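Asker: Have a look at the structure that comes next, please.
The values are calculated or read from the model by the stated rules, or taken from the named source; none is laboratory data. In this text the structure is predicted, and so the values were computed from the model without any measurement. Neighbour counts run over all protein chains shown; Cβ positions are idealised from the backbone, glycine included. Each accessible area value is taken on the protein alone, full model and side chains, heavy atoms only, with ligands, DNA and RNA left out. Shrake-Rupley method; radii C 1.70, N 1.55, O 1.52, S 1.80 Å.
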Amino acid sequence: VKVQRLLFLIGRIRSQEKDLLTRAVWQRLAEADGLNSFLNILKDTSYASAALEGATFEKFEASLVAQLKTLKNDLFSVTHFSFETLLWRKYDIHNLKLLLKMKFGFKDLRRYLIDCGEVPVTLFEQFIIDNEKVALPLFWIKIIHKAREVYEKNNDSFAKLDGFLDEILYQDLLKEARKYGGEVPRFVKQQIDAANLKVWWFSKKQKEHE
């Protein structure tokens, strides 16, 4: 049965490929001179519904998240697979970053939470923000405690906090990817390279403005 579900899943994912944005569309998006122009381009794509609802960036993002949650539910609500960690773990880390920053006194960032991870956002929030005893896996409790230590030992540095959590994420993803071999580890390594390039680019730009 699980093999049949996997074959069904592969078929569903391949059927979604026709809705991916083309290189030409990405080029037009890169040249868009503002949000309205950006959304107008997307109205001619499979993201038309999100574009129509996205009068602001926040509404557009919320619509995309809603579509992602629907897709996740459609694909994985009946049968779960071990490789799901490769798909959803990044959202758990994203949510941890925001909630820990809120806990350390940053502004309310709840509107940026993405409830598509393996752990429900409400569970993280109850544990981190409300200090409640909840059924959070020990794996996550250890990461949260260590993240707090990193933040405090580095003069309340959000950058160090983000770096620690990113390292946890990519170490975990690479470990999981190696179980499957083939192109999977290479794909994860490419994600790591992209993340490092992003950090380098922002660091470079920051130094240019100092």
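Asker: Can you pull out every residue in the stretch 135-162 that is of a type in the set (Gly, Ala, Ser) and open to solvent by 40 Å² or more (accessible area, probe 1.4 Å)? Please lay out each step first, then the result.
Answerer: So the first thing to find is which residues in the stretch 135-162 are of a type in the set (Gly, Ala, Ser), and the list is 135, 147, 157, 159.
Across the stretch 135-162, the qualifying residues are 135, 159.
Asker: Could I ask something else about it? Checking residue 192 against (1) of a type outside the set (Gly, Ala, Ser); (2) outside any helix (DSSP H, G or I); (3) in contact with a Phe, Trp or Tyr (Cβ under 7 Å, 6 or more places away or on another chain), which single condition isn't satisfied?
Answerer: For residue 192, the failing item is (2).
Asker: Next up: From the list 124, 139, 76, which residue is more than 30 Å from residue 16 (Cβ to Cβ) and out of contact with any strand residue (DSSP E or B) (no Cβ under 6 Å at 6 or more places or on another chain)?
Answerer: Numbers: 124 fails: more than 30 Å from residue 16 (Cβ to Cβ); 76 fails: more than 30 Å from residue 16 (Cβ to Cβ).
Just one listed residue meets the conditions, 139.
Asker: May I ask you to verify whether residue 84 is closer than 26 Å to residue 173 by Cβ and under 17 Å from the mean Cα position of the chain (by Cα)? Don't jump to the end; show me each part of the working.
Answerer: On the way: closer than 26 Å to residue 173 by Cβ: yes; under 17 Å from the mean Cα position of the chain (by Cα): yes.
For residue 84, the condition - closer than 26 Å to residue 173 by Cβ and under 17 Å from the mean Cα position of the chain (by Cα) - is met.
Asker: Only one residue in 135, 147 is closer than 14 Å to residue 95 by Cα, out of contact with any Pro (no Cβ under 9 Å at 6 or more places or on another chain) and either in a helix (DSSP H, G or I) or not β-branched (Val, Ile, Thr) (or both), so which one is that?
Answerer: On the way: 135 fails: closer than 14 Å to residue 95 by Cα.
Just one listed residue meets the conditions, 147.
Asker: Take the stretch 35-82 and flag every residue that is assigned to a loop (DSSP other than H, G, I, E, B), at pLDDT below 80 and among the aromatic types (Phe, Trp, Tyr).
Answerer: Hit for the stretch 35-82 is 81, nothing else.
Asker: Could you tell me whether residue 28 is touching a helix residue (DSSP H, G or I) at 6+ places or on another chain (Cβ under 6 Å), at pLDDT 85 or above and either open to solvent by 90 Å² or more (accessible area, probe 1.4 Å) or among the aliphatic types (A, V, I, L, M) (or both)?
Answerer: yes
Asker: Can you tell me which residues in the stretch 85-134 are in contact (Cβ under 8 Å) with a residue 24 or more places away in the chain, more than 19 Å from residue 68 (Cβ to Cβ) and acidic (Asp, Glu)?
Answerer: 125
Asker: Right, here's the next one. So residue 184 clears everything in (1) of a type in the set (A, V, I, L, M); (2) free of Cβ contacts under 8 Å to residues at least 60 places away in the same chain; (3) over 21 Å from residue 123 (Cβ atoms); (4) open to solvent by less than 50 Å² (accessible area, probe 1.4 Å) except one condition, right? Which one?
Answerer: (2)
Asker: Kindly indicate which of 198, 179 is more than 18 Å from residue 99 (Cβ to Cβ) and outside any helix (DSSP H, G or I).
Answerer: On the way: 198 fails: outside any helix (DSSP H, G or I).
Answer to the check: 179.
Asker: Do we find that residue 98 is surrounded by 12 or more Cβ atoms within 10 Å (Cβ to Cβ) and modelled with pLDDT under 90 in this structure?
Answerer: On the way: surrounded by 12 or more Cβ atoms within 10 Å (Cβ to Cβ): yes; modelled with pLDDT under 90: no.
It is false that residue 98 is surrounded by 12 or more Cβ atoms within 10 Å (Cβ to Cβ) and modelled with pLDDT under 90.
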